[in-house]
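Taking it in order: structure first as structure tokens, then the write-up.
The values are calculated or read from the model by the stated rules, or taken from the named source; none is laboratory data. Keep in mind it's a predicted model, so treat the numbers as computed, not measured. Quick reminder, even Gly has a Cβ in these numbers, built from the backbone with ideal geometry, and neighbours come from all protein chains shown. Remember, those area values only see protein heavy atoms, side chains included, never the ligands or the DNA or RNA. Shrake-Rupley method; radii C 1.70, N 1.55, O 1.52, S 1.80 Å.
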Amino acid sequence: MKKIFTAILILPFLVSCGEWLDVQPKTSVEEEDLFSREYGFKDALTGFYVKMGKPELYGQVTTYYYLDMLAGIYDVAPEVYTWSSIYAYDGNYQGTVNSIYSSMYNVIANINNFLKFVDQNRSVITTPDYYETMKGEALGLRAFLHFDLLRLFGPIYKDNPQGAAVPYRTKFDNVATPILPASGVLDLVIADLLEAEELLDGHDSEIFNYDDSADPFTEMRQMRMNVWAVRAMLARAYCYKGDEASKAEALKYAKSVIECEHFALAPNGRRDASQPPFWGEEVIFGLYIYDYYRIVDELFKNASYSYLLSAYSSNVSTWFPQNDDRYWFFSEYRESGNSPISVSVKYDQDRYSSARDSYSPMNTQPLIRLPEMYYIAAECEPDPATAVSYLDEVIFSRTGRSSSTVTAGFDQTDSRQIYGVYTGQTVRVNELYREYFKEFYGEGQLFFFYKRFGFTAFPNPIDDTMDPAAYQMPLPDDEYTYGNNN
């Protein structure tokens, strides 16, 4: 965590965001100059999102690529010949794991520097609501990144909340930060989110569409850590904590997002190439990634058969009923002598319009979507019938099915096989599992679901029993060499 940088915008009309972000300051004078003007804070804040959208983070590795490989949703992936090898965190994938860790803390370091100056130089931020919005966004992003670090590098929380997890960095310095227990990290995540909510409440513009009459910094708030994204993160974090009081808080926050009327479930009937997948109106928080096709097409379109990120078509037919709109967001590829494979088209940028008159998810990587709030509500609602009603709202929007999900033995161990596997989970959890699998295919959320409940078996292509130790990525060696891990 010694490598830190400050995002600096130089000649924005000549270079793209991705190019200016990696320009590094030569002296502290440049850094102080950046934060001596209001627009410098705007540029630095934008830089956090650009960096998060790089392929080593949410632009590839921690969404549809490595995280979903770990969740077993693919049969074919580049240079994967033995699927058990993907769990070789200190072997084949050590570089990938270490890069996730260092890249996230790199962004966190920049956020902490920003937070230092946003208070130190508050007087230069003169536009009404900017200070509260900027600081709220930065705190929300710091919590978001630490939460994912906890979910990756921490223990299975329900089994060992006091187990060693990760440092929680709140200062921009080179002083080693102790590795905290998982519960300590989660408490700090929640504290940052609550402070962010207080700052953003009443100051965030809550403009979730293109508005040519609005300040560009305040429109399209779903592409930034807005107040509702913070509340959605609070629902995630409290749900992760899992005790009854926390589940009540998670339910409260999930319902507030569901009922806020800024977002809506997509209507049933998106089943052909002219219909984009379920993004757009469902995105609570996402990243804009310039020319995203240059990243995603290499895995989903331009590769040869054995390099396409894909699943066997026979498996897709098992996982996704044909009356479910989500079944239709796959393209099939055939090669003589090989089984047909199906590739998700969620990231096919050709399906999206670039029109500004209505929100289009072109160049968007969603990180929080509305269905997750329904699933959290279904998980945390104590009454089975009410819980099922949240699940059924999403299912209806995807299938048109109006019949109710089963509630018999809802919180007892399920005797049914789910996708050919006895999970050992309750009926409630298995019903949620089927939805998480179908809804977040290619979005990096399924591995976290498995880990949270400690699944020891899940389908394809990992046929062996899942070792619980494989849910916790090891910290890089440098953390133990140079960090404060006493």
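Below, the figures for the structure above:
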quantity: In Å, descending, principal axis extents of the Cα set of region 96-181; calculated: 47, 27, 23
quantity: Between helix 182-200 and the chain: long-axis angle, C-alpha atoms, 0 to 90°, nearest 10; calculated: 60 degrees
quantity: Which of 353, 394, 366, positive extreme of dipole for region 336-401 (C-beta unit charges); calculated: 353
quantity: Cα-based equivalent ellipsoid of region 229-350: semi-axis lengths in Å, sorted from largest, via gyration tensor; calculated: 34, 17, 16
quantity: Extension gain from residue 94 to residue 126, taking 0.36 nm per residue of separation minus the Cα-Cα distance; calculated: 6.9 nm
quantity: Unit Cα scatterers, Debye sum, region 85-230: log10 I(q)/I(0) for q = 0.13, 0.14, 0.19 Å⁻¹; calculated: -0.67, -0.76, -1.15
quantity: In Hz, Karplus ³J(HN,Hα) per residue of region 333-347 (6.51, -1.76, 1.60; θ = phi - 60°; x = Gly, Pro); calculated: 10, 10, 9, 3, x, 10, 5, x, 10, 10, 10, 5, 9, 4, 9
quantity: Those lysines that a straight Cα-Cα span of less than 16 Å connects to residue 451, excepting residues fewer than 8 apart in one chain; calculated: 158, 241
quantity: Cβ charges +1 (Lys, Arg) and -1 (Asp, Glu), total dipole of the chain, debye; calculated: 520 debye
quantity: For the chain, accessible area per residue (1.4 Å probe, heavy atoms of protein chains only), Å²; calculated: 40 Å²
quantity: Selection from 155, 227, 242, by position along the positive dipole direction of region 128-269 (Cβ); calculated: 155
quantity: Average projected area [Cα convex hull, region 405-480], square nanometres; calculated: 6.4 nm²
quantity: Two-site FRET efficiency, residue 457 against residue 191, from Cβ-Cβ distance with R₀ of 41 Å, rounded to 0.05; calculated: 0.70
quantity: Net charge, residue 402 excluded, C-beta distance under 13 Å - Lys, Arg +1, Asp, Glu -1; calculated: 0
quantity: Separation in nanometres of the label points that stand 7 Å from Cα toward Cβ, at residue 268 and residue 252; calculated: 3.5 nm
quantity: Signed unit charges on C-beta, dipole axis of the chain, positive-most listed residue 95, 268, 207; calculated: 95
quantity: Rg to Rh, two decimals, where region 392-434 supplies the alpha carbon set and Rh follows Kirkwood; calculated: 1.00
quantity: Amide hydrogen neighbours beyond the local backbone of residue 418, cut-off 5 Å, H modeled; calculated: 423
quantity: Calculated P(r) tail over 21 Å for region 178-247, as whole % of Cα pairs; calculated: 38 percent
quantity: For the chain, convex hull of alpha carbons as volume per residue, Å³; calculated: 148 Å³
quantity: By average C-beta atoms within 10 angstrom, highest first, the peptides 389-400, 124-135; calculated: 389-400, 124-135
quantity: Distance between modelled label sites at residue 85 and residue 294, nm, 7 Å Cα→Cβ extension; calculated: 2.9 nm
quantity: Karplus-derived 3J(HN,Hα), 6.51/-1.76/1.60, for each residue of region 228-233, Hz, glycine and proline x; calculated: 7, 5, 4, 5, 5, 5
quantity: Added length on full extension, which subtracts the Cα-Cα distance from 0.36 nm per residue, residue 318 to residue 119; calculated: 66.2 nm
quantity: Between 0 and 90°, nearest 10: helix 370-380 axis offset from the chain longest Cα axis; calculated: 70 degrees
quantity: Built amide H within the under 5 Å cut-off of residue 168, gap 5+; calculated: 180
